[in-house]
Amino acid sequence: MKFQAIKGVRDILPPESGLWNRVEQAARDVFHTYGYGEIRLPIFEPTELFARSVGLDTDIVSKEMYTFADHQLRDIEVFGGMISKRRVSKEELSLVAMQTYMREFLRQIDLSREDHMFPETPENVAAVAELKTALHQFEKIVNEEGFRDKDVLASLIDVMQSQADGIHLGDVITLRPEATASVVRAYIEHGMHTRPGNVKLYYMGPMFRRERPQKGRYRQFYQIGAELLGPSDHPALDAEVIEMLLAFVARVNLTGAKLYINSIGDKNCRPAYVERLRGELQKVRDKLGADSQRRIETNPLRVLDSKLPEEQPIIDKLPHIADHLCDACREHYAELKRQLALRKIEYQENWRLVRGLDYYMRTTFEITAPGLGSQNAVCGGGRYDGLVELLGGPAATKGIGFAIGTDRLMLSLQEAGAAAKCALDVYIAWMGVQAYPAVVALARKLREHDFSVELPPQEMKFGKSLSLADRLGARFAVIVGEDELAARQFTVKRLADGDQRRLAEADLLEYLTKSRTA
Ligand code: AMP
């Protein structure tokens, strides 16, 4: 049997992973200079956290999350699945089958109770008791009068079904599709609002979304993100967050990146705009695709995200949110633009930039990069002032942040020619058993000085050794044979040009160290 990575996930191998490390280190370095500290978050969270924050009408929550029940009660779950949410047919056969499943469902629950595995919450205890009573009644009727009164039996099944649906076997959890919700959860859980000043956090790691895989879009992908939480929503903070993002972009030499900004209003002005948008969309409903038609009801803003060519002329004529901002939002947006200009940050406004997640308000921004085809957004972010309160934290806390799609950033960097440098500094070619103790000691010494060293476990003919050193991409070969041992020296060969010299250990170290900075 041959195993392969699951569709939509992939391995990142050296030397490419070296480039990833460099990029991640650049993020750490740059974010540090802006006062951000790393937060390490769990990979899974209660499903409810994402449903609440990201929003039920988003693609992420409605169809892309990896969600599962976190318990070991498989048998109960299987029978629960067989009896739940089924239309009760009044056929005798179907009533008999339901009766059997119910019995088995309860039997499995009793078994798990004996093992103390069943969650004895008041709700579960009550539901099981009612289920038992209803089943008892059902069986009594069947024993006394058979399946004559099917209406009564069906309604008892109905009762049992809803009780069964109310039984919770464990937590429902989800592999995180994004990390802002987790950061806010942690912020509230640890009472971080009591910390002085703004709380500035960054994270990096994998996210999971069941999307259709294509170039730049994976089911396990990586993000580097930063969040600023605190009492102020001053636009200078928005501008500084964007400045930090661009400092990172510059540090990793991402060329051709473009910044787009927008304001999507707040709870005072957005609802009226959304209603207006809905009204306009209803007028052109017939010309829209199925997705956009659905979104007229669920989330009209998302129509602006549409990439369908035939919808573009229609969308172009829709009202712009900038014309419908309340005074406070308009002033906030104007000040953001002033703050960006002050920092000499170039941007383009994109009135259609609404972002797919529910929690955003006012400032939204995105960065695109070349070389990525249709999936050209490498970073998305925005302000989310209501989110802390929505998740049960103090209402006064405001927030802003972004998430960089690391996979796409890497693709763009690689398209532009970035390659991981060869990691191997020194290959030690040795012959003769007497040489071995000397080369083991040398390898250790060089490694203590941070050189990466390859030491073959067995002696090899010099020709073979040097050819391997070449193929491994080593920068230097150090050659140790009888002559070198006798002279207490090492021969070092620079593989790029064949330059070769004999040096004592201290000189060798100095020579290699100098070559590192050259
Ligand atoms: P979002 O959390 O949807 O705002 O995404 C932020 C950034 O993460 C995007 O701009 C992308 O660069 C990246 N991203 C989102 N989904 C995926 C995916 N499925 N595969 C790769 N990168 C992604």
Mind checking which residues of the stretch 271-298 are in contact with an Asp or Glu (Cβ under 7 Å, 6 or more places away or on another chain) and buried (at least 20 other Cβ atoms within 10 Å of the Cβ)? 288, 292
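Conditions (1) buried (at least 17 other Cβ atoms within 10 Å of the Cβ); (2) touching a residue at least 12 places away in the same chain (Cβ under 8 Å); (3) more than 16 Å from the ligand (Cβ to nearest atom), marked per residue:
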| position | (1), (2), (3) |
| --- | --- |
| 141 | no, yes, yes |
| 155 | no, no, yes |
| 161 | yes, yes, yes |
| 196 | no, no, yes |
| 199 | yes, yes, yes |
Taking residue 190 and the conditions (1) closer than 20 Å to residue 53 by Cα; (2) surrounded by 15 or more Cβ atoms within 10 Å (Cβ to Cβ); (3) modelled with pLDDT of 95 or more, which numbered condition does it fall short on, given that it satisfies the others? (2)
Can you name the residue in the stretch 203-214 that is near the ligand (Cβ under 10 Å from one of its atoms) and surrounded by fewer than 21 Cβ atoms within 10 Å (Cβ to Cβ) and, of all such residues, is farthest from residue 176 (Cα to Cα)? 214
In the stretch 215-235, residues that are part of a strand (DSSP E or B) and more than 9 Å from the ligand (Cβ to nearest atom) total 6
Kindly evaluate residue 303 against the criterion of being more than 16 Å from the ligand (Cβ to nearest atom), without any contact (Cβ under 8 Å) to a residue 40 or more places away in the chain, under 24 Å from residue 51 (Cβ atoms) and among the aliphatic types (A, V, I, L, M). yes
Among the residues of the stretch 497-506, is any at pLDDT below 95 and assigned to a helix (DSSP H, G or I)? no
Name the single residue, out of those in the stretch 343-357 being of a type in the set (Lys, Arg) and within 16 Å of the ligand (Cβ to nearest atom), that is farthest from residue 247 (Cα to Cα). 352
Lone qualifier among 265, 289 - being of a type in the set (Gly, Ala, Ser) and under 29 Å from residue 237 (Cα atoms): 265
Residues of the stretch 29-68 satisfying the condition of being over 16 Å from the mean Cα position of the chain (by Cα) and outside any loop (DSSP other than H, G, I, E, B): 29, 30, 31, 32, 33, 37, 48, 52, 62, 68
It is to be established whether one or more residues within the stretch 82-94 are at pLDDT 85 or above and either surrounded by 18 or more Cβ atoms within 10 Å (Cβ to Cβ) or of a type in the set (Phe, Trp, Tyr) (or both). no
Lone qualifier among 435, 403, 396 - being touching a residue at least 12 places away in the same chain (Cβ under 8 Å) and more than 30 Å from residue 354 (Cα to Cα): 435
Here, helices (runs of 4 or more DSSP H) confined to the stretch 69-158 with at least 2 residues that are under 30 Å from residue 48 (Cβ atoms) and among the polar types (S, T, N, Q) are 92-114
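So that you can scan it fast, the table gives a plain yes or no per residue for (1) touching a helix residue (DSSP H, G or I) at 6+ places or on another chain (Cβ under 8 Å); (2) of a type in the set (A, V, I, L, M):
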{"position": "288", "(1), (2)": "yes, yes"}
{"position": "323", "(1), (2)": "no, no"}
{"position": "328", "(1), (2)": "no, yes"}
{"position": "335", "(1), (2)": "yes, no"}
{"position": "341", "(1), (2)": "no, yes"}
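The values are calculated or read from the model by the stated rules, or taken from the named source; none is laboratory data. Keep in mind the model is a prediction, meaning the values are calculated, not measured. Every residue, glycine as well, gets a Cβ built from its backbone with ideal geometry; the counts of neighbours run over all protein chains shown.
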